[in-house]
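For reference, the structure is listed below as structure tokens.
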Amino acid sequence: MPRVSRQNPQRESGVKLPSAVPRLSGEDLSFWWFDSPMQPTTMAMLMVLDRSPDDAQLRLAFERAVAAVPRLAQRVADAPLDLTLPHWELDPTFDLDYHVRRHALSGAGDVAELFHEIAPAYEAPFDRSRPLWEVRVYDGLGRDHRAALFFKLHHAVADGVGGNAIFAAMSDWEREPSAPAKPEVDHRSKGGWPEPRPLGERVLDALRDRVELDFERASAVASTVVDTIQHPEKLSRALAAVRSMVETLRFDSHSPLKASAGRARHLSGTDLPFEAVRALRRALGGSMIDVILTIMARAIGRWHAAHHLSQVRELMTLVPVNLRKPEQWAEQANVGNVATGILLPLPIRMRSVLTTYREIHQRMEAKKADPLSTATPLLTEWMSVLPRSLVSWMAEASFGSVDFIVTNVPGILVPRYLAGAEILAAYPFAPVAMKSPVSVALYGYRDRLFIGLNSDETLMPDVDDFKAMIRDAFAELCAAAGVHAAAPAATSSRRSTRGPAASHEVAERRPAACIAARMPRSK
């Protein structure tokens, strides 16, 4: 398959790369240690472009991104004998050609084929000896020769808002910038394997780091004890957070789907008119996530009812919440994970859409005030004190209660360009919780709210029906709130037999497949 260039970027036009080796944070570690073939912690975005990106400009765009976001040139290095925490280090063999590759669509050349191509690319595990990201550019999309760029990223590298910083670094405000910034060149790195350091030296370094780490932790414990003595109410909040966590872990949706999960993933997308979604927020008086969760609750509720799973009345839903200050959102030098997760029992069987909205709004307000929501980042950080195997078990136990993931990433509402090509659409994708049929990620770009669906093909073979249910739920909420709903596009990810699509939207839908017969029924 064609590549961006044959030259090694560090020999030919290499970027100036950092040498700092910070430890992984507690949140980064949770994604790194929890990642497995059964539960990959991979996030991704599919961008539809109005034309094929220029080869030279594409290389420059990613050289610029690597220079702006040093984490893109770093890999995770585990300490010998796990004596201390893993850290980020510069990949001495960093090769941009490995991370950015070009492909040609060979079949119908429509969006259905595109989604079919990216699913196995998403499933493939990362090479852990390299930086944890990959880009695939697909040429030949549709009769008008559009293109697409699929960017996948390990969640240990960044969360959704951190991914936005990468998106900003590699794209431009104009199709042909007057003076595109060129990254600095560093000729010191030749891209070869370095001479391995003696094991004894690495063990001593790890021991020194462990002593420093333990001292930092002891100081933090002492500071916490003093703070608790001075502010006893903080102890009460901590105990309340623990009680809330125990209650959350005990939640059981009684979904028979958990006994029938598969491994294969299917990626697909749709979109809604963003102005209408914002109008819903204004009309109903809540937040954007309240509106989104209501639409998704009604849609996933209909899907469960269509498969005779009416005994499932609530789904434990993970809702990631960004903890950065607004002025930190565009920070590119240190992306990482700066977020918490609200675990919300999502009501999916309420009689009316407005009743659903009011209930979700009340539950979200209560969860935001829950001590667990503010304590989660601290608890995650302190989990790094524990042995890796124990942390993995705890993460699996806590994540095992999750039935559904809905994440909304703040987007960019003006056109962006990549290597001379206009970005027309941007579909985000989040990991799927174990034994969950689908995860939903949303990204506002230009005048559309793009929705990426990452589904388990065994549990949800009829994902196009679920997409239709999302559109129906959106229309239902608009009608109840008195908001005009502009007709949303009906994109399909299934293979089309009608030849190349004229645009990035395809209207074909696959008939529903009844999966309830393959699943154990509750008594």
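The values are calculated or read from the model by the stated rules, or taken from the named source; none is laboratory data. In this text, all values refer to a predicted model and were calculated from it rather than measured experimentally. With ideal geometry, Cβ positions are generated from the backbone for all residues, glycine too; neighbour counts draw on all protein chains shown.
The table below gives the values:
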{"read-out": "All positions within region 413-438 that are closer than 22 Å to Glu176 by Cα and either of a type outside the set (A, V, I, L, M) or not in a strand (DSSP E or B) (or both)", "value": "Leu413, Val414, Pro415, Arg416, Tyr417, Ala419, Gly420, Glu422"}
{"read-out": "Residue that is among the charged types (D, E, K, R) and touching a His at 6+ places or on another chain (Cβ under 6 Å), where the choices are Asp290, Asp271", "value": "Asp290"}
{"read-out": "Residue within region 237-260 that is hydrophobic (A, V, I, L, M, F, W, C), surrounded by 14 or more Cβ atoms within 10 Å (Cβ to Cβ), at pLDDT 75 or above and within 30 Å of Asp462 (Cβ to Cβ) present", "value": "yes"}
{"read-out": "Any hit, region 439-455, residues being more than 21 Å from Ala485 (Cα to Cα), touching a residue at least 40 places away in the same chain (Cβ under 8 Å) and not in a strand (DSSP E or B)", "value": "no"}
{"read-out": "Every pair of residues 6+ apart whose Cβ atoms lie under 9 Å, when the first sits in region 70-99 and is farther than 20 Å from Gly163 by Cα while the second is among the aromatic types (Phe, Trp, Tyr) and assigned to a helix (DSSP H, G or I)", "value": "Pro86/Trp32; Pro86/Trp33"}
{"read-out": "Among the residues listed as Arg71, Arg75, Arg51, the single one being modelled with pLDDT of 80 or more and assigned to a helix (DSSP H, G or I)", "value": "Arg71"}
{"read-out": "Selection from region 81-99 of residues that are assigned to a helix (DSSP H, G or I) and either at pLDDT below 90 or within 17 Å of Leu24 (Cβ to Cβ) (or both)", "value": "Leu81, Asp82"}
{"read-out": "Extreme residue, surrounded by the most Cβ atoms within 10 Å (Cβ to Cβ), among residues of region 93-120 that are closer than 18 Å to Ala425 by Cβ and of a type in the set (Gly, Ala, Ser)", "value": "Ala112"}
{"read-out": "Criterion (modelled with pLDDT of 85 or more and either loosely packed, with under 15 Cβ neighbours inside 10 Å or under 33 Å from the mean Cα position of the chain (by Cα) (or both)) met by exactly one of Ile292, Ile229", "value": "Ile292"}
{"read-out": "Any chance Val414 is at negative phi, crowded, with 19+ Cβ neighbours inside 10 Å, aliphatic (A, V, I, L, M) and in contact (Cβ under 8 Å) with a residue 40 or more places away in the chain", "value": "no"}
{"read-out": "Single condition Leu49 does not satisfy, out of (1) buried (at least 18 other Cβ atoms within 10 Å of the Cβ); (2) of a type outside the set (Val, Ile, Thr); (3) touching a helix residue (DSSP H, G or I) at 6+ places or on another chain (Cβ under 7 Å)", "value": "(3)"}
{"read-out": "Filter pass, Val135 being among the aliphatic types (A, V, I, L, M), assigned to a strand (DSSP E or B) and within 28 Å of Trp33 (Cβ to Cβ)", "value": "yes"}
{"read-out": "Any hit, region 274-284, residues being part of a strand (DSSP E or B), in contact with a Gly (Cβ under 6 Å, 6 or more places away or on another chain), at pLDDT 75 or above and surrounded by 14 or more Cβ atoms within 10 Å (Cβ to Cβ)", "value": "no"}
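Residue-wise test of (1) part of a helix (DSSP H, G or I); (2) hydrophobic (A, V, I, L, M, F, W, C).
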| position | (1), (2) |
| --- | --- |
| Leu60 | yes, yes |
| Glu63 | yes, no |
| Ala67 | yes, yes |
| Arg101 | no, no |
| Ser106 | no, no |
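The rows are residues; the columns are (1) at pLDDT 90 or above; (2) on the phi > 0 side of the Ramachandran plot; (3) among the aliphatic types (A, V, I, L, M).
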| position | (1), (2), (3) |
| --- | --- |
| Ala297 | yes, no, yes |
| His307 | yes, no, no |
| Arg313 | yes, no, no |
| Val321 | no, no, yes |
| Trp329 | no, no, no |
| Val335 | no, no, yes |
| Val353 | yes, no, yes |
